[in-house]
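Written below as C-alpha cells is the structure these notes are about.
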Amino acid sequence: MISYIENSKLVTPHRRSTLRPPPRSLRVTKNMAMKCVNCGKGVQYGHHVSHAKNRTKRVFKPNLKRVTLGKGKDKKRIMLCTKCVKQVKRKNYK
C-alpha cells in the first residue's frame, strides 16, 4: 500500500472493507430447496397487479421455519411451513 503526505497528514488510499459472510442461517436456507418437508408446499409464481392493472412477474415464497425434531442423538433439523409447525406442536404437546 502506498501512502503519501498531504497537508502534513498521512493519507492512505481507500481500501475496500472486508465483507463478512452472511449468517449461518441464511447460508443454509439459501442452499436448501424452498419447500416444506412435511406437506411439500413450495414456491409459486404469479403476477403483481398494480392499480392500473399492470402485471409484473413475482414469486410467492412459503413461510418456512427451521425446526429441530427429536431428542438426544436422534435430533434432526428440517424446514417446515408454519402450518406444519402448528400441527407438530399440537401433536407433541397434547
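Every number here is computed from the coordinates shown, using simple stated rules; none is lab data. Note that this is a predicted model, so its numbers are computed, not measured. All Cβ positions, glycine included, derive from the backbone under ideal geometry; neighbour counts span all protein chains shown.
Points to keep in mind about this one:
- Spacing of the modelled spin labels on Thr56 and Cys39, each 7 Å from Cα toward Cβ, amounts to 3.0 nm.
- Put a dot 7 Å past the Cα of Thr82, heading toward its Cβ, do the same for His47, and the two dots end up 2.8 nm apart.
- Residue-wise HN-Hα coupling along the stretch 42-58, computed from phi with Karplus coefficients 6.51, -1.76, 1.60 (Hz; x: Gly, Pro): x, 5, 10, 10, x, 10, 8, 10, 7, 4, 8, 6, 6, 10, 10, 5, 8
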